[in-house]
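What follows is one structure encoded as structure tokens, with my remarks underneath.
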């Protein structure tokens, strides 16, 4: 499988605070890779670093073989990356439909609006809603994911997409991740809800104190239960 | 002679027209300020000086290059907008990570430098700029005399305001601008070059000031202090309309121009202060402005 993302010795800072201390990870085409870890372990900062959204970075981030560590955010996105942030970032001054249609095309083969509405039927019903932020939390999360599927992005960075959502919505999101994987998307999932991530991911990275503490693949999951209990308290 | 509320119609409609003319300039200038504040979060105190630069650019184009008013309508906003792009790239862009007060101080300082330089070179008496021939003269409507140039200014500024509103509220480019106002990092993560968009937006806002300056030149003459006199009222208009609100800037600009004109008819003593009285009342009742949301 071709390597889509390779991160080596990644360090990142917010002002004076040193957050990432030499992260190394790789993601192959078509994989779902999950970053596990407690709050503050550096998982969100890792995704933001890939997008160039942290103040200072050092090390190496290669996307499709291209070194991007010194690139501005908009240029990184054009390598075919779709980013869904933890806070969802739905724009209150835009309608649901405007939010969905906002991101520009950054690659070939994006999903059509009809395909997206088939995948997220709630959004079809609510598309004329005047303000994107008037949607429920679950609908906003779906909108945040849906809008990056239109753009032709093939590497999706999804940050805590189940946070604060009802179990029925979480299950729906799980089914959507499976469908996206079947369609060939490569997904990096930052998740605290281990039960959600466990059946979806091909490989797992466990982060602690801004570093990768452990890595294992899905078949090894059962043998790592005790270790996960220590790292995550699950 | 026909009278309304004891006032001759000629006088009433004459002042109403002056109110609409002033309102046109208030709307154009506050529109530029609103666009800049909306995206950059900077209160552009240089706006008055940039309005004056537009008038001077028209004057230079006519007297140095022989290019008439219609050329000036296109070239002067482009030239003044280009100076705005340079100011944003060289100076303002270095201040975005600091408190907004620094942007205000920088633009205030720039305004003083620009006005001082023009005043040093050209004095403060004002330079004449004649009305283009096709727009000279006027029409007697029966109840009032309507000068053609003033009618043109009202129609043209209304068209520019509506056009700008349409672009910002109804187009994809406008959606990027509105989204970047809320969360520039996220818009950039979608692949939009937000720093360039910010530069061009500032340039566009400044170009609007330059355009207002060209249109004002035949009415108020070309004077280094023309912007300083107007900008204080324009800031009051922006505060009343709501900082960053496009529609608020346009409606309030025209509305307050008319109110100011009518005050000149019915209670002239208050005509210079009426806008500031309204600002004080609005700030007490609705601090975010009539059309503002934050």
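The values are calculated or read from the model by the stated rules, or taken from the named source; none is laboratory data. Everything numeric here is computed off the predicted structure, so don't read it as measured data. Every residue, glycine among them, receives a Cβ derived from its backbone with ideal geometry; neighbour counts consider all protein chains shown.
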Margin query: Quick check on residue B:242: is it free of Cβ contacts under 8 Å to residues at least 24 places away in the same chain and within 14 Å of chain A (Cβ to nearest Cβ)?
Written below: no
Notebook entry, point to check: Just for the range B:49-70: of the residues that are within 16 Å of residue B:131 (Cβ to Cβ) and in contact (Cβ under 8 Å) with a residue 60 or more places away in the chain, which one is nearest to the chain's Cα centre (by Cα)?
Noted result: B:55
Item checked: Qualifying residue in the range B:133-140 (condition: within 21 Å of the chain's Cα centre (by Cα), more than 14 Å from chain A (Cβ to nearest Cβ) and surrounded by fewer than 22 Cβ atoms within 10 Å (Cβ to Cβ)) -> no
Notebook entry, point to check: For the range B:142-175, which residues satisfy the criterion of being within 14 Å of chain A (Cβ to nearest Cβ), out of contact with any helix residue (DSSP H, G or I) (no Cβ under 6 Å at 6 or more places or on another chain) and part of a helix (DSSP H, G or I)?
Noted result: B:169, B:170, B:172, B:173
Note to self: Can you list residue pairs whose Cβ atoms sit under 8 Å apart, with the first residue in the range B:3-25 being without any contact (Cβ under 8 Å) to a residue 40 or more places away in the chain and the second being assigned to a loop (DSSP other than H, G, I, E, B)? Count only pairs 6 or more apart in sequence or on different chains.
What the structure shows: B:8/B:1; B:8/B:2
Next item on the list: Identify all residues within the range A:191-234 that are part of a helix (DSSP H, G or I) and closer than 22 Å to residue A:173 by Cβ; write none if there are none.
Entry: A:194, A:195, A:196, A:197, A:218, A:228, A:232
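Inspect the range A:139-146 for any residue being in contact with a strand residue (DSSP E or B) (Cβ under 6 Å, 6 or more places away or on another chain), more than 22 Å from residue A:229 (Cα to Cα) and surrounded by 17 or more Cβ atoms within 10 Å (Cβ to Cβ) and give the result as yes or no. Walk me through how you get there before you give the answer.
Initial filter on the range A:139-146 (in contact with a strand residue (DSSP E or B) (Cβ under 6 Å, 6 or more places away or on another chain)): A:144-145.
Now narrow it down to the ones that are more than 22 Å from residue A:229 (Cα to Cα): A:144-145.
When the remaining residues are screened for being surrounded by 17 or more Cβ atoms within 10 Å (Cβ to Cβ), the result is A:144-145.
Yes: the range A:139-146 contains one or more residues that are in contact with a strand residue (DSSP E or B) (Cβ under 6 Å, 6 or more places away or on another chain), more than 22 Å from residue A:229 (Cα to Cα) and surrounded by 17 or more Cβ atoms within 10 Å (Cβ to Cβ).
Consider residue A:106 carefully, then state whether it is surrounded by 18 or more Cβ atoms within 10 Å (Cβ to Cβ) and touching a residue at least 60 places away in the same chain (Cβ under 8 Å).
no
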Check: In the set B:195, B:218, which member is within 14 Å of chain A (Cβ to nearest Cβ) and part of a helix (DSSP H, G or I)?
Finding: B:195
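Per-residue answers, yes or no, for (1) surrounded by 14 or more Cβ atoms within 10 Å (Cβ to Cβ); (2) modelled with pLDDT under 95; (3) within 17 Å of the chain's Cα centre (by Cα); (4) over 14 Å from residue A:186 (Cα atoms):
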position	(1), (2), (3), (4)
A:2	no, yes, no, no
A:9	no, no, no, yes
A:16	no, yes, no, yes
A:37	yes, yes, yes, yes
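Each row is one residue, and each column tells you yes or no for (1) touching a helix residue (DSSP H, G or I) at 6+ places or on another chain (Cβ under 7 Å); (2) in a helix (DSSP H, G or I); (3) modelled with pLDDT under 90.
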site: A:122; (1), (2), (3): yes, yes, yes
site: A:147; (1), (2), (3): yes, yes, no
site: A:151; (1), (2), (3): no, no, no
site: A:162; (1), (2), (3): yes, no, no
Next item on the list: Could you tell me whether the range B:200-208 includes any residue that is within 11 Å of chain A (Cβ to nearest Cβ), under 20 Å from residue A:103 (Cβ atoms) and surrounded by 15 or more Cβ atoms within 10 Å (Cβ to Cβ)?
Entry: no
Next item on the list: Could you identify the single residue in A:151, A:129 that is more than 20 Å from the chain's Cα centre (by Cα) and either within 14 Å of another protein chain (Cβ to nearest Cβ) or under 19 Å from residue B:175 (Cβ atoms) (or both)?
Entry: A:129
Next item on the list: Look at the range B:36-70 and say how many of its residues are modelled with pLDDT of 95 or more, in a helix (DSSP H, G or I) and in contact with a helix residue (DSSP H, G or I) (Cβ under 6 Å, 6 or more places away or on another chain).
Entry: 12
Note to self: Looking at (1) more than 14 Å from every other protein chain (Cβ to nearest Cβ); (2) within 25 Å of residue A:210 (Cα to Cα), which one does residue A:118 not meet, given that it meets all the others?
What the structure shows: (2)
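Let's see how each residue does on (1) under 29 Å from residue B:252 (Cα atoms); (2) surrounded by 18 or more Cβ atoms within 10 Å (Cβ to Cβ):
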site	(1), (2)
B:98	no, no
B:102	yes, no
B:106	yes, yes
B:112	yes, no
B:119	no, no
B:131	yes, no
B:153	yes, yes
B:162	yes, no
B:167	yes, no
